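Student: Take a look at this one; I'll ask things after.
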Amino acid sequence: MAQGAPTVRPAALRRLANPNPRPTAHRRGYGRAWQRARIGFLQQHPLCTHCAQQGITRAATVVDHIQPHHGEAARFWDSDNWQALCHRCHSRKTASHDGGFGNPRQET
């Protein structure tokens, strides 16, 4: 059976449908201080940790929190809880641990 054109809702209606959107990156703690820390960490750890464990040399582009910080400042800034990942490995980790692609969210 044929379907019509997709329904397009104005932005105002989308906001009404989802009144509590995810806060901005800045509000979640990823402001200028984080950007400076991220750059420094990637300079010290230029290769993806997950790829290196498999014998693959790939540049890291993301600083990942090994254990989710859930907004807790001490855990957020604990560099022992950081790892350098490439975009591919970070996306894979996010999908498998944070409930992406229908996977259940893993609690820590």
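The values are calculated or read from the model by the stated rules, or taken from the named source; none is laboratory data. Owing to the predicted nature of the structure, the values given are computational and were not obtained by experimental measurement. Here the Cβ positions follow ideal geometry from the backbone for every residue, glycine too, while neighbour counts run over all protein chains shown.
Student: With the structure loaded, tell me whether ARG14 is more than 25 Å from ARG92 (Cβ to Cβ), basic (Lys, Arg), modelled with pLDDT of 95 or more and surrounded by 10 or more Cβ atoms within 10 Å (Cβ to Cβ) or whether it fails that test.
Tutor: For ARG14, the condition - more than 25 Å from ARG92 (Cβ to Cβ), basic (Lys, Arg), modelled with pLDDT of 95 or more and surrounded by 10 or more Cβ atoms within 10 Å (Cβ to Cβ) - is not met.
Student: Here's something else I'd like to know. Report those helices (runs of 4 or more DSSP H) wholly inside region 18-98 carrying at least 3 residues which are surrounded by fewer than 16 Cβ atoms within 10 Å (Cβ to Cβ).
Tutor: 32-44, 73-77, 87-97
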